[in-house]
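Worksheet: the structure to be examined is printed underneath.
FYI, it's all coordinate maths here, none of it is from the lab. In this text, all values refer to a predicted model and were calculated from it rather than measured experimentally. Here the Cβ positions follow ideal geometry from the backbone for every residue, glycine too, while neighbour counts run over all protein chains shown.
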Amino acid sequence: MTKNDALIYAKDNIRVNSVHPGFIWTPLVEELGKKNPGFRKHLDSLHPIGHVGESIDIAYGILYLVSDESKFVTGSELVIDGGYTCK
């Protein structure tokens, strides 16, 4: 859908990209972690980068996409998952 919409709206100078986050340490996930000892360590071990993501990691990816620095980026799918989908 991202690529299709990017083609449709390019003529209107509208860029279309999507963000695909991996495991992110949010208050809900933290609450689950409190009930399960070792949960954080387990989630960290799933990621080649060595740790689960934080909300700011996703925010910075979005910030890039809405900035002028990405003015030539459209139809892209930005995966922000610490390498999880590389496995």
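Can you return the lysines within cross-link range of Lys41? Criterion is Cα-Cα under 27 Å, with same-chain partners fewer than 8 residues away left out.
Straight-line reach from Lys41, under 27 Å: Lys87.
Kindly write out, for the stretch 41-46 in residue order, the coupling ³J(HN,Hα) from the Karplus curve 6.51 cos²θ - 1.76 cosθ + 1.60 (θ = phi - 60°), rounded to whole Hz, with x marking Gly and Pro.
Whole-Hz 3J(HN,Hα) from phi for the stretch 41-46: 4, 5, 4, 4, 5, 6.
Please give the Cα centre distance for the stretch 60-81 versus the stretch 19-43, rounded to the nearest Å.
Between the Cα centres of the stretch 60-81 and the stretch 19-43 lies a distance of 25 Å.
Are there any chymotrypsin sites (Phe, Trp or Tyr not before Pro) in the stretch 3-87 that are in a DSSP loop and have at most 16 other Cβ atoms within 10 Å? List them by number.
Working: sites: Tyr9, Phe23, Trp25, Phe39, Tyr60, Tyr64, Phe72, Tyr84; in loops: Phe23, Trp25, Phe72.
Loop-located and lightly packed - Phe23, Phe72.
From the backbone phi of the stretch 73-87, what are the Karplus-calculated ³J(HN,Hα) couplings (6.51 cos²θ - 1.76 cosθ + 1.60, θ = phi - 60°) in whole Hz, Gly and Pro given as x?
Working through the residues one at a time gives 9, 8, x, 9, 10, 8, 8, 10, 9, x, x, 4, 7, 6, 6 Hz.
Using a cut-off of 28 Å between alpha-carbon atoms, which lysines can reach Lys71, once sequence neighbours fewer than 8 places away in the same chain are excluded?
Candidates past the 8-residue exclusion: Lys3, Lys11.
Given (i) 7.2; (ii) 6.7; (iii) 8.9 as candidate values of mean projected area of the Cα convex hull in nm², which corresponds to the one derived from the coordinates?
Step by step, mean projected area of the Cα convex hull in nm² for this structure corresponds to label (ii).
Give the residue list of GluC sites (Glu not before Pro) in the stretch 39-87 that are DSSP loop and have at most 10 other beta-carbon atoms within 10 angstrom. Please list the in-between numbers first.
Values: sites: Glu54, Glu69, Glu77; in loops: Glu54.
Answer by residue number: there is no such site.
How much length would be gained if the chain were fully extended between Ile8 and Ser67, taking 0.36 nm per residue of separation minus their Cα-Cα distance, in nm to one decimal?
Details: separation 59, 0.36 × 59 = 21.24 nm, distance 2.11 nm.
Stretched fully, the Ile8-Ser67 segment lengthens by 19.1 nm.
Name the residues whose placed amide hydrogens come within less than 5 Å of the amide hydrogen of Val79, ignoring near sequence neighbours (fewer than 5 apart) on the same chain.
Close amide H contacts, sequence-distant or interchain: His20.
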